[in-house]
């Protein structure tokens, strides 16, 4: 008997799209006389996962890869068996989609062992299909269906990034600089993180088309080619998002530069007006005899009025020269 703590779900696929869910999975269930067994494990219950892997008899090298803490997308052939590691977007509440979740799969002709780190909606989709009678009929079709669901669930996330960038491009001049920078930083970060996992996954799906396992039929390879093409399109779209984000960043820098130049220009004009007035007041404030109007009762008001007139004349001159707008 396999420890139930590590078993998320276990099915015997009937080869027609349906399957029987196993309440308890025994070692005998892992060697079905008919159909294909699918055992879905939770790595957080490491002892149960190890027990299941040992019951199947997977080579320790591949078993370690199935249960490793950190993995990257890859496909490794082991005779007529196949180890595939893929990633899907994290759709859990309060989680970042770019924090992609790995799914490790060991495939044989009549057995499929999948190991999760966290919940994946793509696996839930396949379970629903099995219960509705339109699930995978074999190991090869299981691989195709998993890959297809993982890629399909990426679409809304990547399209959402593109739409966010569209909105930012349209409103870059009306948003506050801080808000625009924060939005742009978030978009670029998500695009970089998604691409970091999607690019190798595209290569993995492309490589699967060249595998020679007896159960990986030509029609499955054709479907995997379509999934690989869809993944490649998403990688290209992420590249486009990164390039467009770079253009928006340059535009933000240009707007910031223009704002700085306008501020410096305004300060320069103010200084140009005030400097000669300050020079005059400095002369009149010297502590020597002979200062004009120093003895007059209206001297202060004459000087003040003269300064206002001089300032007004300079403003009129600057407007005539179109230095002030």
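Here are the numbers for this structure:
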| item | result |
| --- | --- |
| Listed residues 127, 149, 24, most fluctuating in the chain (Gaussian network, C-alpha, under 10 Å) | 24 |
| Helix axis angle, 139-171 relative to the chain longest principal axis, alpha carbon, degrees | 10 degrees |
| Percent of Cα pairs exceeding the 20 Å cut-off, where the set is segment 168-325 | 72 percent |
| Residue 243-residue 307 pseudo-label distance in nm [points 7 Å out on the Cα-to-Cβ vector] | 6.0 nm |
| Angle between the chain longest axis and helix 46-56 axis [Cα atoms, degrees, rounded to 10] | 40 degrees |
| Residue with peak Gaussian network fluctuation, the chain [Cα springs, cutoff 10 Å], from 123, 89, 247 | 247 |
| Value at 222 nm in deg cm²/dmol, rounded to 500, when DSSP H runs of n ≥ 4 in the chain each add -39,500 (n - 2.57) | -20500 deg cm²/dmol |
| Segments 151-160, 252-261, 197-206 sorted - mean Cβ within 10 Å per residue, highest first | 197-206, 151-160, 252-261 |
| Max mean-square fluctuation residue, GNM over the chain, Cα-Cα springs under 10 Å, options 269, 39, 194 | 269 |
| Crossing angle, helix 218-284 versus the chain [Cα axis fit, 0-90 degrees, rounded to tens] | 10 degrees |
| Antiparallel bridge percentage (DSSP; both residues within segment 4-254; nearest 5) | 80 percent |
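None of the figures in this text is laboratory data; all of them are computed from the coordinates on show. All values derive from a computational prediction rather than experimental measurement. Note that we place each Cβ from the backbone using ideal geometry, even for glycine, and neighbour counts take in every protein chain shown.
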